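As structure tokens, the structure follows; a few thoughts come after it.
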Amino acid sequence: MGQLDGKVALVIGGTARDGFNAIGAAMAHFLADEGALVFPTSRNREKVEATVNALAQKRPYPKPVDLSKLTFDARDEGALVACCDYLEGEFGPIDILVNAQGILARYNAEDIPREVWEDILGVNLLSVARACQIVGKRMIGRGRGHIINVASETSLRAIPYVAAYGTSKGGVRALTAQLACEWARYGLCVNAIAPGLIPTDLNRAVLEREPERLRRFLQATPANRLGVYEDLRAATIFLATCTNYVNGITLPVDGGMSVVLFAAY
């Protein structure tokens, strides 16, 4: 405990109304448990307020937090710059950036509308790239910083009916490697986590509606269970504290699913 005392963390897509309910919110809590001052963002003001209040119980903020600075669409670059300026002016340099924003839509690949492609790539990949650039420039100037991108099992293997989502997360994996290739020399650590099947607000309804699909996922998972948020704790803290000799990796946290030889169809 306390490995991140004094560190400032920005978690984009890091909110939830109640408890965790989302991977980003879970990661925000893990960082706060280690002493980091964590600032979660979301488009939803109610979620931002609930998560900030919950995090304050673990790591109190030294001064009131302007929730309006944390409430914005991840694709809004101007709002992100304003958020970073506010945090660094009031609380200190951003030491850790987590990109956990994401949306999902299920279609047969041949039926995905153009606007769905654009929305998913815009949120899941392009906003991640821009956040890395905006925050990364500040980190480069200081010669230190940790960036953790949230990829997915779909960045490691194909899964039916989520072609746009899988493409976006594959892009996150590639982006992570490219940035590490250029930024490790400046002292930055750029890595990603690829969670396996963890019930979240994005996928819970599908899991409940398609028990046969769930059975096949479990069959393809050596651990023979769904993931839980706690499974991500060690990976989150490791990637937030590692040296820059750990760089460009996408770390699967998936019960071994990425190493099996058959697909969960």
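The values are calculated or read from the model by the stated rules, or taken from the named source; none is laboratory data. Owing to the predicted nature of the structure, the values given are computational and were not obtained by experimental measurement. Every residue, glycine among them, receives a Cβ derived from its backbone with ideal geometry; neighbour counts consider all protein chains shown. The accessibility values were calculated without ligands, DNA or RNA, using every heavy atom of the protein model including side chains. Shrake-Rupley method; radii C 1.70, N 1.55, O 1.52, S 1.80 Å.
A few notes on this one:
- Neighbourhood net charge (11 Å Cβ-Cβ; Lys/Arg +1, Asp/Glu -1) for His146: +1
- Two-site label geometry, Gln178 and Ala82: point separation in nm, points 7 Å out along Cα→Cβ: 2.9 nm
- Fraction in percent of alpha-carbon pairs per bin - 10 Å, region 70-176: 15, 42, 28, 12, 3
- Shown here for region 175-233: trypsin sites (Lys or Arg not before Pro) in loop regions (DSSP other than H, G, I, E, B) with at most 12 other Cβ atoms within 10 Å, namely Arg225.
- Of all the options Lys47, Lys169, Lys63, the one that moves most in a Gaussian network model of the chain with Cα springs shorter than 10 angstrom is Lys63.
- Sparse packing (at most 14 other Cβ atoms within 10 Å of the Cβ) combined with a DSSP loop state is found for the following trypsin sites (Lys or Arg not before Pro) in region 63-136: Arg106.
- Rg over Rh [alpha-carbon atoms, Kirkwood Rh] for the chain: 0.95
- With all protein chains in place and a 1.4 Å probe, the accessible surface of region 58-118 carries 49 percent carbon and sulfur.
- Over all other residues within a Cβ to Cβ distance under 13 Å of Gly187, the charged ones net out to +2, with Lys and Arg as +1 and Asp and Glu as -1.
- Region 118-155 and region 66-113: distance between their alpha carbon centers, rounded to Å: 9 Å
- Extended-chain gain in nm, criterion 0.36 nm per residue less alpha-carbon gap, Ile134 and Arg75: 20.0 nm
- Distance violations [Cα-Cα > 20 Å] among Lys7/Lys169; Lys47/Lys137; Lys7/Lys58; Lys7/Lys137: Lys7/Lys169; Lys47/Lys137
- When its C-alpha radius of gyration is set against 2.2 N^0.38 Å (N residues), region 187-255 gives a value of 1.33.
- Dipole check for the chain: with +1 at the C-beta of Lys and Arg, -1 at the C-beta of Asp and Glu, and the Cα centre as origin, the magnitude is about 380 Debye.
- Take the Cβ atoms of Arg213 and Tyr107, set R0 to 22 Å, and the FRET efficiency comes out at 0.90.
- Region 114-265 - Kirkwood radius from inverse mean 1/r over Cα pairs (Å): 16.3 Å
- Full extension of the chain between Asn203 and Tyr186 yields a length gain of 2.3 nm, computed as 0.36 nm times the residue separation minus the alpha carbon distance.
- Here region 143-265 carries DSSP beta bridges of which approximately 0% are antiparallel, counting only pairs with both residues inside.
- For a paramagnetic label modelled on Glu90 (point 7 Å from Cα along Cα→Cβ), amide N atoms under 12 Å away belong, within region 22-47, to 39-40.
- Most mobile of Leu70, Leu218, Leu87 in a GNM of the chain (Cα contacts under 10 Å): Leu218
- For the pair Lys63 and Arg225, the difference between a 0.36 nm per residue extended length and the Cα-Cα distance amounts to 54.1 nm.
- Sites Glu115 and Thr241 - FRET efficiency at Förster radius 41 Å, r taken between beta-carbons, to 0.05: 0.55
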